[in-house]
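Contents: one structure, followed by commentary.
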Amino acid sequence: MSDKPVYSTAATLDPAASIASTNKVLSNTYWLLGLTLAFSALAAGVGAVVNMPPMLGLVCWGLGFLMLFVVNRLADSAKGLPAIFVFTGLMGASIGPMLSFYLSMSNGPSMVLQALAGTALIFFTLSAYALNTKKDFSFMGGFLITGLVVALVAIVANIFLAIPALSLTLSAVVVMIMSGLILFDTSRIIHGGETNYIRATVSLYLSIFNIFINLLHLIAVFTGGDD
């Protein structure tokens, strides 16, 4: 396989060429996002059906985290395409044990479907808003990154503190931060800030992935499925 670049740079002198380039990046991003989400969902489903041990799920998560760096390194070449499928497959498999846990509950399938529907609604609503308003949301970058760092620190701390109310609050905060990142990342593509559709796909995938996990937790708590 050749190392032909898989991204396009927006033209700065020709507005028409710039718009065409941006639309191409956006189209490629959504196609790749759809394929990787489907592959990730398949991997998660397999992990749940075979009752993947939690430790193996953690290993998959760790390997997926490492693959994130590999994907970013290879994103400027065709090698980035198989790499992103390995990454999303591992991330999907990593939540297999979690899905198996929730699906074992009496209302488990309903909770998972609600989380999927809620995630899809959030993504499509925010994406449509960003595409239609054409507003530049780059100003949100610093705030979102700061919020994400604070949330990660609090999540790690709560592993030891094990405060249910804090866990619930953090899930809600993560959903809001990831929703903001969908606006931010979509805006970057529209305004030419991101011209590589593999990197754009990774960013949107991670937001969707984290929204689903935390939305499922919130739904489980409020429906009495998670004590």
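The values are calculated or read from the model by the stated rules, or taken from the named source; none is laboratory data. If you're wondering where the values come from, they're calculated on a predicted model, not measured in any experiment. Every residue, glycine among them, receives a Cβ derived from its backbone with ideal geometry; neighbour counts consider all protein chains shown. The accessibility values were calculated without ligands, DNA or RNA, using every heavy atom of the protein model including side chains. Shrake-Rupley method; radii C 1.70, N 1.55, O 1.52, S 1.80 Å.
Observations, loosely collected:
- Helix-only mean residue ellipticity at 222 nm for the chain, each DSSP H run of n ≥ 4 adding -39500 (n - 2.57), per residue, nearest 500: -27500 deg cm²/dmol
- Of all accessible heavy-atom area on segment 41-93, the percent that carbon and sulfur account for (1.4 Å): 82 percent
- Of the DSSP H helices in the chain, those with a Cα length along their own long axis of 15 Å or more and a mean Kyte-Doolittle hydropathy reaching 0.0 comprise 15-49, 54-74, 80-94, 108-133, 141-161, 164-190, 197-222.
- Using only side-chain charges placed at the Cβ, +1 for Lys and Arg and -1 for Asp and Glu, the dipole size of the chain relative to its Cα centre rounds to 300 debye.
- 1.4 Å probe accessible area per residue over the chain, in Å²: 52 Å²
- Here the peptides 56-68, 187-199 are ranked by packing, the mean other Cβ count within 10 Å, and the order with the highest first is 187-199, 56-68.
- In the context of the full protein assembly, Ile122 retains an accessible surface of approximately 40 Å², using a probe radius of 1.4 Å and ignoring ligands and nucleic acids.
- Pairwise centroid distance, computed over Cα atoms, of segment 81-96 with segment 118-182, Å: 22 Å
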